[in-house]
Structure formats: structure tokens, C-alpha cells
């Protein structure tokens, strides 16, 4: 006898917490009891089934035998020959499957048709006959341990099937969980009954989460492994950005606005191309929202990632021009159209040359070529950024590589270089001449000073002349005063 109250509580808890149906748990209990009965009281080859009554708590055991006829079993003499000729590494099942579908007769699991009809008149070959066994409720330690392992195995299988059925339908959708731990670059997220894994490549660079913190991610893959169900999550996938916009934008949910393409570098910048099926709807404004409330909500979820929203166009030139925003372009020339006959995505791309003014060069290329690289991914075209002087500044391909080339010197630049060189040479040639002139001037001054120095006799004469002039001047002044 079993305690039905405890069994019912356990079954209810397993059904609520782990999602295992009650019928599946009862079937696991019956298989465990049948295994324990066979381990303790049965014989080798027997097929034993147990039936557990949830109303009374009792268990009944039955032995099952398969009804066979002469054409379904191997004859005894042929059986002996097969045993002699059978290779050492070949089993009985492999031998019978290679020859025919006949089986070796075992009295514990088979019963001949003649004997079976003595028990049941209308029995047919292939049917099962049920024989009641004596009920037992006292099992040994080994039998109980075997039953426990059977129940654990059945519970794991039931959990795996339940998780596959639940999360298999959510593949490609946003799910919510709690951070469990961070181990070897992988982020483990508790999703309730199972644990999801977010690899390092699927994480947004720079994001850090604490254990127990709530997190949202897209379910990329659901796979069944030997250890259980493998759930691969991602926050860096472009579809995660599209689903976040779908949550915030009713126009995307209704289908009035459609996201045509997304080019994303997670944690840094993204470009989204949108298209409105109704010409009266502004697709860019639908995603931006009033005063940017919708796009700001998505940006905050992604840790401040910058998002450029542009309108998708059938015209490649217009689409390429808009994809380079916020940079302003002068013209877009299509050099080569995409080759749709090739299967290689890297070979069937088109080639376009975009001309910009000099002050828009750095804005069109972006930091590290990011803007033109994302534009190339978004449009699927090879893009060359060219200045108004015809100098190639950057080339972007769909695979994300950007080659920045140094512009060649123009004729004006060459002239400037020549003039600068000439001035420098002229300056060097003139410097010594100036020094010589300075020396000549110094020499002249020295000679003049030497000429000004007179002899003592001449100096006395000069003093007498000067004194006489002073006396004459004084006398003249006195005479003027008297008058």
C-alpha cells in the first residue's frame, strides 16, 4: 500500500513546477514497479507489467506472452546450426535481422498458437496474452534502487520533451529570464524549468549583469542533446533589434510598416531600413515615435546603442544615398549592377561611387570606417567615397572590410611643394649675403669713427673757434637788450 496523499502532492508539484503531466508520472511509477518486481521475483526474459490504482493505492502485476505460430519462430535444429555458424562478434538479434524476421522461441515471452487457443479460443498470432502474477509489496534494496533510477530517467525524459514542446514554439521570439552565473565567457540564464546559454559572441560588448538580474534575449536555437535541452540565446543578433522595435511599434505588428534590412554592430551602431505599404504612413516616424520615445526605449534596452533609421527605396542610388546618413552626398553613380546569375554573395554585389564635399568626408566614412561599412552591409553594394576633387577616400564592401586610401597629391599640391622648396632654398642663399652686408656696414662704421678722431692741434683750434662764436653771440644779445 502506498500513501496516496503524498503521491498526489508529489504529482501535483511535478506537474506545476516542471510541466510533467500526471499520466506521464504514473506511467513512470508503473514501469519502476515492474522493473523492481522482475529484479526481485521474476525470471530472465519475462515481460512484466504493473498497474497502479490511484484510488486504492494497490498495484497488480501481470506477465505478458506473445502468441506465435510455427512460421514465426526458428526451428530447433536450425537454431543449433545458427549457433555453430554464428560469428563471435554477432548477436542473436543481428543474426535474425540479417536472415529473416523470425525469432528464437522463448517460453517466458512466447506461447504457441495451439496452446494459446486452449486458453482463449479466438486468439490470433501476434496478440498478447495476460497472465496474473502474485502481488508483492516488499522489495529488496537493489530492486528499490533500480526502481528509483527508472523513475529519475523517466522524469528527465519527460522534462526534456516538455521543454522541447514549450520552447520549440518560442524559437525566434524574445524570452525573459534571470541571470544565473557567468562562466568561461558564457552567460547562463535561468528560464524557469531549463537554463539557457548566451555565448560570448552573442553578447553585447560592454554589458555586465549581476546574478538575479532580469534580462531579455532572443531564442536563436533549440536543440536536444544527451545532457538535456540546449537553448541558445542572443542579444547581439539583428533580429533582436527588429523584435524590440516590433514590441514598441504597433505599425510593425499590424504589418503596415516593414523592416527591410538591418546592419548592426552590437553595442556601437545600427542602421535600419524600413518601408511603409501605405503611402500615407511615415515609416521612419513610426519607428522614431513622438519626440523619439520609441527609438529611445530600444536604445536604452541595448545600452545606448546608436540607431539610424532610414527609408528603404527601390532606387539603388537613393537607397545608397540615404544609407550614408547623416552625411550629405552630392551624387551617386552606379558603376556596376549586381550579377544575379552567380550564387556567391560576394561576387553578385553591385558597385557604386558616392561623391561628397570635403567637409563631409569624415562624416560619410565614420570613425574607423563604421558608417560606410554599415551602409555597405545594409544595401548590399560596394561603396566608394570620393571627394569633389576626385580623390578616393574609402571603399566599403559587404563583408565589412574598409580600405582607407591616402589621396594622391594634386597639381596644386605639387606647385605648393615646389614653391615651398624654392623659398627655402632662396632663404638659405640669402642668409649669407645679409651677413656679409652686415659685416661691411660694421667695417664702414668703424672706418668713419676712425676718421672722426683728429690730432691734438686740430682739436685745440676747434675749441678756440667754438669759444669765439659763443662770445660773439653773447655780445649781440647784450646789444639787443640795451636798444
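Fully extending the segment from residue 4 to residue 473 would add 153.6 nm, taking 0.36 nm per residue of separation and subtracting the current Cα-Cα distance. The gain in end-to-end length when the residue 357 to residue 69 segment is fully stretched comes to 94.3 nm, 0.36 nm per residue minus the alpha carbon separation. Between residue 62 and residue 137, the FRET efficiency from the beta-carbon distance, with R0 = 22 Å, is close to 0.90. A Förster radius of 22 Å, combined with the Cβ-Cβ distance separating residue 12 from residue 160, puts the computed FRET efficiency at roughly 0.55. Label sites at residue 210 and residue 314, each approximated as a point 7 angstrom past Cα along Cα to Cβ, lie 5.4 nm apart.
Most simply put, segment 191-332 has about 70% antiparallel DSSP beta bridges, counting only bridges with both residues inside it. The spacing between segment 165-206 and segment 32-49, judged by their C-alpha centroids, is 43 Å. Distance from the Cα centroid of segment 367-383 to that of segment 276-315 is 19 Å (rounded to whole angstrom).
Counting other Cβ atoms within 10 Å as a rough exposure proxy, the listed residues 43, 232 run 43, 232 from fewest neighbours to most. Using the Cβ-Cβ distance between residue 291 and residue 22 with R0 set to 60 Å, the FRET efficiency from 1/(1 + (r/R0)^6) comes to roughly 0.65. For segment 219-300, what Kirkwood radius comes out of the mean inverse Cα-Cα distance, in Å? In segment 219-300 this quantity evaluates to 14.2 Å. Here segment 168-236 is treated as a Stokes sphere of Kirkwood radius computed over C-alpha pairs; at 10 °C and 1.306 mPa s its diffusion coefficient rounds to 132 µm²/s. Taking every DSSP bridge with both residues inside segment 168-236, close to 95 percent are antiparallel. Once the chain from residue 101 to residue 225 is taken as fully extended at 0.36 nm per residue, the excess over their C-alpha distance is 41.4 nm.
None of the figures in this text is laboratory data; all of them are computed from the coordinates on show. Computed from a prediction, not measured in an experiment: that's the story for all the values here. We place every Cβ from the backbone using ideal geometry, glycine too, and count neighbours over all the protein chains shown.
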